[in-house]
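Undergrad: A single structure is presented below for examination.
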Amino acid sequence: MSKNNKQLKDKIIFNFNSGNYDQAKLLLSYALKKNPNNFEYLNLIGYLCGIKNNYQEAKFFLEKAHTLKPNDATVIFNLANALCDLNEFDNAIELLIKAEALSPNKPNLFYLHAKCLLKIGNITESIDYFQKTLILKLNFEFLFEFCNLLANLGFLQEAIDQYNDAIRLDPNIAGVYVNKGVLLHQLGLFDDAILQYDIAMRLDPNLPEVWLNKGVTLSRLRYSDQAIDHYKKSLILKQNYPEALANIGSCLNDLHQFGIAISYFDKAINLKPNFPHAYANKGFALSRTGDHKKSADCYLIAFSQSNEDNFYLGKALHQLMLCCVWLRYCEITLKIKKALSSGKKSADPFGYQAISASEYNLSKCAKIYCESLYPSTFTNRASPSIHSKIRIGYVCGEFREQATSILLTRVLELHDRTHFQIYAFDSGFGDNSTYRRRIKNAFGDNFFNISNRSNTEVFNLIRGLEIDILINLNGYFGNMRQEVFAMGPCPINVNFLGFPGTLGANYFDYLIADKIVIPENSKQYYSEKIIYLPNSYQPNDDKKIFVKQLSKKDHGLPDGSEFIFCSFNNSYKITPDFFDIWMRILKSVNSSVLWLLESNPSASFNLKDEASRRGVNADRIIFAKRLPYEEHLCRHQLADLFLDTLPYNAHTTASDALWSGLPVLTCLGNTFPGRVASSLLNAINLPELITTSLVQYENLAIELAKNPNNLLDIREKLKTNRLSSSLFNSQLYTSNLENIYTTMYEDLFKNTDPLPKKYYGPKLE
């Protein structure tokens, strides 16, 4: 080599080693003009081009070098890297196979091969190559990326095991503990996740992600205030952090501070316009403020931004149903059904009950939802204890003037205190209603407010009280605490009353029903063991009162001979198909009106508009304002016939009508929520009001309206049966329910010797 060439080479090497890549490249370009076939220079300039993201140029030089030395493993690796960056994965893999044969002990080759396989979706082989890499060299970088791959693929426990290996290699990298914490959170091991975040904080207290992620876990544990503090700390470390702002909004949602929550979501969206999580949670906040149309708009934006996440689409549809906007009803329902069939979370189970007439689909929806959000988190479920009284715990977020409490309050008052000890775990926000006061009086000192307690605190409370049977009165509705049940705080978990369907959870032992709402041949669609009450599954309050007599004029009803059809169901239960039937009924019965509950102004406007579209004068649709419950009961007497909905019947609403003396016309559905009214009518001995097809339903509504004597006979029968049938016999219902609880409890001890007596005497020490 001449002296000048050596000086040039030395300059190239010096600049390369000093990180002066631009200068090194200039010198290499000059050298290649003098010697265009210098393999060493071609390889080095190709490598530099790759570093500077000039992948096409890198490919050009490296291919020339490869032509000169086709069996050089180093140039093959560099060329494969460039091809990988150009998304030419198949070509890169072909080269890497050749290089591996030439140099079988170079981990970098296998590492790049693993990454290329991952890019083309060959997951299984990619994992194999990562493992080969780690056998050759237990390198932290390799291991960390392998961990992340396993995590992204859903192999959570395997990823955690690999993160533990990474920690053993280097215990001082905060990011590893953060990632491990995220996986533990996903597995429902929230306390363990927090321990990992705390280690990460000690290693690097200025890492905003660790404060954010710990906040997420604290929020899931219901430590909302602490979570907000952590999010605010992350905002100090990283200004304009949209994820932190959105998460503060989510915590404020949990605290029912919806207006302030919306302002945080707006701040997050302004910083990050493509942010489906923020839009979805803003949608939730708007729904709780009653702005269902704007809520639906937010969910639809979230859907469009999230690679068509059908769960957001399902949420949007429920909000659209609440304000009776049906333009996309068929389109969205089909998309949800299609997503469910492929095993995707596409709707929350509560909203889906109003649009699905398939027990199979409802079951699948609940199971997917539960597995996604509320998997079992216990390893040791509470063992049964022998008590002098069976301890029943009721968990509910609706201990107020709400449907579930309206039905159950009298039962709570009538519980046999000599054999049962009852406890309330209130996860909601109370009101000043009569029902709230009656409920608190029924439980006495055993009424516990858990709304601001963490899941762990509630778990410890229930365990400490040694509750025998824990009742979920919410299911997937309202202020639920499903996570607590998933932790296994007591021997028996029961799904009852608040949610008419399966929860799809392997940790619920029983669902209380009757043989109409869940026939024997439908048990296959329920994850719980079905335990039957002898009459209707629905309790009732036989102490409800009528406060005063009302006039039609007081309620905007025609004060003449007009026939008044009534349906006080919530607006989301009204489907376009069923509204078609109602409009045909109105057309067939001259001088008739339809009296509906005013759910929200949008729904009222849209329903009148839909009536006009179907050729019915909008004035024939009359809306009832929301009233105190006792007054609401009274006004039922002003109507002539209650028209039920399908696929989701009137439930408490149907009982209210029957108690008030108003006949309810229903059609027997194919699902639990679609069979409830039939269960009630059977219990009050009015099977003649149960139809088995929509044609029969429509015809009978018209017939009863045109034959007032027939309807009068039914009303007289209802008046008699109201006081003599099982439906409103609260004492009988309570006794039957207690017999079920006793059976559940005794079944815990079937394999013990000796078998405990029916009631169990002092607790054994």
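Undergrad: So, residue 649, is that one at pLDDT 95 or above and either aromatic (Phe, Trp, Tyr) or surrounded by fewer than 18 Cβ atoms within 10 Å (Cβ to Cβ) (or both) or not?
TA: So residue 649 fails the test.
Undergrad: Quick one: which helices (runs of 4 or more DSSP H) sit completely within the stretch 623-740 and have at least 2 residues that are closer than 23 Å to residue 406 by Cβ and without any contact (Cβ under 8 Å) to a residue 60 or more places away in the chain?
TA: Ranges flagged: 676-683, 708-724.
Undergrad: Then there's this: Under 6 Å between Cβ atoms, which residue pairs at least 6 apart in sequence (or on different chains) link something in the stretch 70-98 that is among the small types (Gly, Ala, Ser) with a partner that is surrounded by fewer than 17 Cβ atoms within 10 Å (Cβ to Cβ)?
TA: Once the first residue is among the small types (Gly, Ala, Ser) and sits in the stretch 70-98, its partners that are surrounded by fewer than 17 Cβ atoms within 10 Å (Cβ to Cβ) give 73/102; 73/103.
Undergrad: Applying the selection to the stretch 482-495, what residues are under 29 Å from residue 288 (Cα atoms) and either surrounded by fewer than 22 Cβ atoms within 10 Å (Cβ to Cβ) or aliphatic (A, V, I, L, M) (or both)?
TA: 482, 483, 484, 486, 487, 494
Undergrad: Also: Among the candidates 588, 551, 561, 536, single out the residue that is among the polar types (S, T, N, Q), surrounded by fewer than 23 Cβ atoms within 10 Å (Cβ to Cβ) and touching a helix residue (DSSP H, G or I) at 6+ places or on another chain (Cβ under 6 Å).
TA: Residue meeting the stated conditions: 588.
Undergrad: Take the residues in the stretch 263-318 that are assigned to a helix (DSSP H, G or I) and among the polar types (S, T, N, Q), then tell me which one is farthest from residue 335 (Cα to Cα).
TA: 263
Undergrad: In the stretch 624-657, which residues are in contact with a helix residue (DSSP H, G or I) (Cβ under 7 Å, 6 or more places away or on another chain) and either under 25 Å from residue 511 (Cα atoms) or not assigned by TED's automatic domain parsing to the domain that holds residue 720 (or both)?
TA: Of everything in the stretch 624-657, those that are in contact with a helix residue (DSSP H, G or I) (Cβ under 7 Å, 6 or more places away or on another chain) and either under 25 Å from residue 511 (Cα atoms) or not assigned by TED's automatic domain parsing to the domain that holds residue 720 (or both) turn out to be 644, 645, 646, 648, 649, 650, 651, 652, 654, 655, 656.
Undergrad: Another one. Scan the stretch 385-434 for residues that are assigned to a strand (DSSP E or B), under 20 Å from residue 651 (Cβ atoms) and of a type in the set (A, V, I, L, M) and jot them down.
TA: If the condition is that a residue be assigned to a strand (DSSP E or B), under 20 Å from residue 651 (Cβ atoms) and of a type in the set (A, V, I, L, M), then 395 is the only one that fits.
Undergrad: Mind listing whichever residues of the stretch 500-525 are out of contact with any helix residue (DSSP H, G or I) (no Cβ under 7 Å at 6 or more places or on another chain) and more than 20 Å from residue 381 (Cβ to Cβ)?
TA: 513, 515, 518, 519, 520, 521, 523, 524 - these are the residues of the stretch 500-525 that are out of contact with any helix residue (DSSP H, G or I) (no Cβ under 7 Å at 6 or more places or on another chain) and more than 20 Å from residue 381 (Cβ to Cβ).
Undergrad: For the list (1) in contact with a strand residue (DSSP E or B) (Cβ under 6 Å, 6 or more places away or on another chain); (2) β-branched (Val, Ile, Thr); (3) assigned by TED's automatic domain parsing to the domain that holds residue 641, I need the number of the one condition that residue 531 fails.
TA: With respect to (1) in contact with a strand residue (DSSP E or B) (Cβ under 6 Å, 6 or more places away or on another chain); (2) β-branched (Val, Ile, Thr); (3) assigned by TED's automatic domain parsing to the domain that holds residue 641, residue 531 is out only on (3).
Undergrad: If you go through the stretch 519-544 one residue at a time, how many are of a type in the set (D, E, K, R) and touching a residue at least 60 places away in the same chain (Cβ under 8 Å)?
TA: Final tally of qualifying residues: 4.
Undergrad: Another question about this same structure. Tally time: how many residues in the stretch 235-250 are assigned to a helix (DSSP H, G or I) and either at positive phi or surrounded by fewer than 24 Cβ atoms within 10 Å (Cβ to Cβ) (or both)?
TA: Number of matching residues: 5.
Undergrad: Please work out if residue 350 is touching a Lys or Arg at 6+ places or on another chain (Cβ under 7 Å) and either at pLDDT below 95 or part of a helix (DSSP H, G or I) (or both).
TA: no
Undergrad: Counting only residues that are modelled with pLDDT under 75 and aliphatic (A, V, I, L, M), which one in the stretch 1-26 is farthest from residue 58 (Cα to Cα)?
TA: Restricting to residues being modelled with pLDDT under 75 and aliphatic (A, V, I, L, M), the top hit is 1.
Undergrad: Pull up the stretch 463-481, narrow it to residues that are out of contact with any helix residue (DSSP H, G or I) (no Cβ under 7 Å at 6 or more places or on another chain) and not in a loop (DSSP other than H, G, I, E, B), then point me to the one that is surrounded by the most Cβ atoms within 10 Å (Cβ to Cβ).
TA: 471
Undergrad: Give the residues of the stretch 506-522 that are crowded, with 24+ Cβ neighbours inside 10 Å and in a loop (DSSP other than H, G, I, E, B), sorted by residue number.
TA: 508, 517, 518
Undergrad: Does residue 222 satisfy the condition of being part of a helix (DSSP H, G or I), of a type in the set (Lys, Arg) and either under 28 Å from the mean Cα position of the chain (by Cα) or at pLDDT below 95 (or both)?
TA: In short, no.
Undergrad: Also: Counting only residues that are in contact (Cβ under 8 Å) with a residue 60 or more places away in the chain and among the charged types (D, E, K, R), which one in the stretch 365-415 is nearest to residue 626 (Cα to Cα)?
TA: 401
Listed here are the residues, each with its yes/no results for (1) surrounded by 13 or more Cβ atoms within 10 Å (Cβ to Cβ); (2) touching a Ser or Thr at 6+ places or on another chain (Cβ under 8 Å); (3) within 19 Å of residue 119 (Cα to Cα).
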residue	(1), (2), (3)
23	yes, no, no
49	yes, no, no
55	yes, no, yes
58	yes, no, no
93	yes, no, yes
101	no, no, no
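Undergrad: Which one of these is touching a Ser or Thr at 6+ places or on another chain (Cβ under 9 Å) and either closer than 20 Å to residue 375 by Cα or surrounded by fewer than 20 Cβ atoms within 10 Å (Cβ to Cβ) (or both): 212, 189?
TA: Unique residue meeting the criteria: 189.
Undergrad: I've got another one for you. Any chance the stretch 259-274 includes a residue that's closer than 30 Å to residue 164 by Cβ and surrounded by fewer than 16 Cβ atoms within 10 Å (Cβ to Cβ)?
TA: Taking every residue of the stretch 259-274 in turn, none turns out to be closer than 30 Å to residue 164 by Cβ and surrounded by fewer than 16 Cβ atoms within 10 Å (Cβ to Cβ).
Undergrad: Scan the stretch 76-87 and tell me whether some residue there is modelled with pLDDT under 80, at negative phi and either outside any helix (DSSP H, G or I) or surrounded by fewer than 20 Cβ atoms within 10 Å (Cβ to Cβ) (or both).
TA: Yes, the stretch 76-87 contains a residue that is modelled with pLDDT under 80, at negative phi and either outside any helix (DSSP H, G or I) or surrounded by fewer than 20 Cβ atoms within 10 Å (Cβ to Cβ) (or both).
Undergrad: Conditions first: (1) crowded, with 16+ Cβ neighbours inside 10 Å; (2) modelled with pLDDT of 95 or more; (3) charged (D, E, K, R). Residue 722 passes all but one, so which condition is the exception?
TA: The number of the failed condition is (2).
The values are calculated or read from the model by the stated rules, or taken from the named source; none is laboratory data. Remember, predicted model here, so these are calculated numbers, not experimental data. Cβ: placed from backbone, ideal geometry, glycine included. Neighbour counts: every protein chain shown.
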